[in-house]
1. Looking at 213, 180, 161, which is the one that is at pLDDT below 90 and surrounded by 17 or more Cβ atoms within 10 Å (Cβ to Cβ)?
2. Taking the options 68, 59, 17, name whichever one is modelled with pLDDT under 85 and either in the same structural domain as residue 81 (by TED's automatic domain parsing) or outside any loop (DSSP other than H, G, I, E, B) (or both).
3. Looking at this structure, is residue 307 part of a strand (DSSP E or B) and among the acidic types (Asp, Glu)?
4. For the stretch 185-206, which positions are touching a His at 6+ places or on another chain (Cβ under 7 Å) and either of a type outside the set (D, E, K, R) or not in a loop (DSSP other than H, G, I, E, B) (or both)?
5. Taking the options 295, 314, 256, name whichever one is without any contact (Cβ under 8 Å) to a residue 60 or more places away in the chain, under 14 Å from the mean Cα position of the chain (by Cα) and either buried (at least 18 other Cβ atoms within 10 Å of the Cβ) or over 26 Å from residue 125 (Cβ atoms) (or both).
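The values are calculated or read from the model by the stated rules, or taken from the named source; none is laboratory data. Just so you know, these numbers come straight off a predicted model, no measurement behind them. Ideal geometry is used to build each Cβ from the backbone, glycine not excepted, and the neighbour counts take in all protein chains shown.
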Amino acid sequence: MDKNKEKLLIKVAYLYYIEEKKQSQISKELNINQATVSRLLHEAKEQEIVKIEIRNDEYTNLIKLERYVQEKYGLKNVIIANHSKKLSETEKCKSVAKEAAIHLRQIIQNDSIVGLASGKTIEYMIESTTVNRSTDAIFVPLVGAPGHSSTRYHVNAVVYEIAKQYDGKSIFINATAVQEDKETRNNIVNAKYFEEIKAYWEKLDIALIGVGEPYKQPLKYWNEQLTPADMEEMKLYDAAAESCCTFIDREGKIIKNDQYERKIGIDLSTLKDVPHSIVVVQSKKKAAPLTAILKSGFINTLVTDKETILEVLKRSKDQNYQQFQ
C-alpha cells in the first residue's frame, strides 16, 4: 500500500476511534468529503489497521449463538436465557419464562392485542415478573380450555392473570379445546359470542405459544379430550409437535385430520402474519417439537435456553454446533 494512503487511513481511524470525532468533523479537518471519510474508515477495517474487539465472555458467546440461530431459521428475534446447568428443570423453565415476560414488557404497546396459549413455561410467566403497568391492551386465548386437567392454570386464567398485570382487558373461551365431533365444534366457533374472539385473532399484534411432544409423554392439557384413535392417527402421521392443540409433522406441516376438524383454536399458519409471533420453550426433550415449529415458519421469535437450542442444532447435525458448546 502507498505510504501516504496508509498514513491517511491511520489518521482518519485515529481521529474517529481515539479522539471520537464525528465523520463531519473529520471531513472539515482533512478537507475531504464525508462519503470519503466513511469509505476510508471501512477500508481501515478491511486492511486490519483497525481491529474492533468485544470482550469474549459467556454473554458474548450467547449473543453469537442467538444471532446464528436467528439467521439459520430466518427469525426476527432470538432470546436465549443464561442460567447455570446446575439449576433444576423447574428453575430453568422459570428462567426462560422470565426472559419471555421481559420481552413481552418491551414490545407491548398501549393498544396491543395479545394472544396467549397454555403451557408450563407460559404459566410461569405470571409469577416471573410483576409489571403493574396500565394499558388498554386486550388479551385473548389462542385455544380452548383443557378438560379436567391438573394443570395449574386454565388458559383463561393465564389470560386473566397476565392481563391484570397490564391493567388490560381479558377475553375468554368458554369451550374445551377438542370437541366430540365437527358439528359441535362448528356450532361453537360460529356462535355470536365467538365472533369477537375470531376478530381479535385476525388483528393480533403479539402471540405467545408453547410447544409440546405429541405422544411420547402424556399430553398434560389435551389427553383426556383425545380418543385412542386420535393418538394412533398421530403416530401414523409421524406427528412431531403440538401447539394450541394443533399437531405438526417433522417437516413443519399441520396435520389436518379428524381431530384438527374438532379443535377450537387459532389456525397456527396465521401466526406468520402476526408482528410478534413468539414460541417459548425449555427442555432438551422439546428439541424435536421445537425443530418442527421452526421449520413451519409460523413463528418469528424464539425464547429458550442454551441447552435446548444446542440440542436442536445437535439433532439437525449442524456443522457449527461444536463452536457453541
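1. Details: 180 fails: surrounded by 17 or more Cβ atoms within 10 Å (Cβ to Cβ); 161 fails: at pLDDT below 90.
On inspection, the qualifying residue turns out to be 213.
2. On the way: 68 fails: modelled with pLDDT under 85; 17 fails: modelled with pLDDT under 85.
After applying the criteria, what remains is 59.
3. Values: part of a strand (DSSP E or B): no; among the acidic types (Asp, Glu): yes.
Judged against the criteria, residue 307 is not a match.
4. In the first step, residues of the stretch 185-206 are kept if they are touching a His at 6+ places or on another chain (Cβ under 7 Å); the result is 205-206.
Once the filter is applied, which keeps residues that are touching a His at 6+ places or on another chain (Cβ under 7 Å) and either of a type outside the set (D, E, K, R) or not in a loop (DSSP other than H, G, I, E, B) (or both), the stretch 185-206 yields only 206.
5. Working: 314 fails: under 14 Å from the mean Cα position of the chain (by Cα); 256 fails: under 14 Å from the mean Cα position of the chain (by Cα).
Sole residue among the options that is without any contact (Cβ under 8 Å) to a residue 60 or more places away in the chain, under 14 Å from the mean Cα position of the chain (by Cα) and either buried (at least 18 other Cβ atoms within 10 Å of the Cβ) or over 26 Å from residue 125 (Cβ atoms) (or both): 295.
Residue by residue, here is whether (1) in a helix (DSSP H, G or I); (2) modelled with pLDDT under 95; (3) in the same structural domain as residue 128 (by TED's automatic domain parsing); (4) in contact with a Pro (Cβ under 7 Å, 6 or more places away or on another chain) holds:
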| residue | (1), (2), (3), (4) |
| --- | --- |
| 260 | yes, yes, yes, no |
| 285 | yes, yes, yes, no |
| 290 | yes, no, yes, no |
| 295 | yes, no, yes, no |
| 303 | no, no, yes, no |
| 317 | no, yes, yes, no |
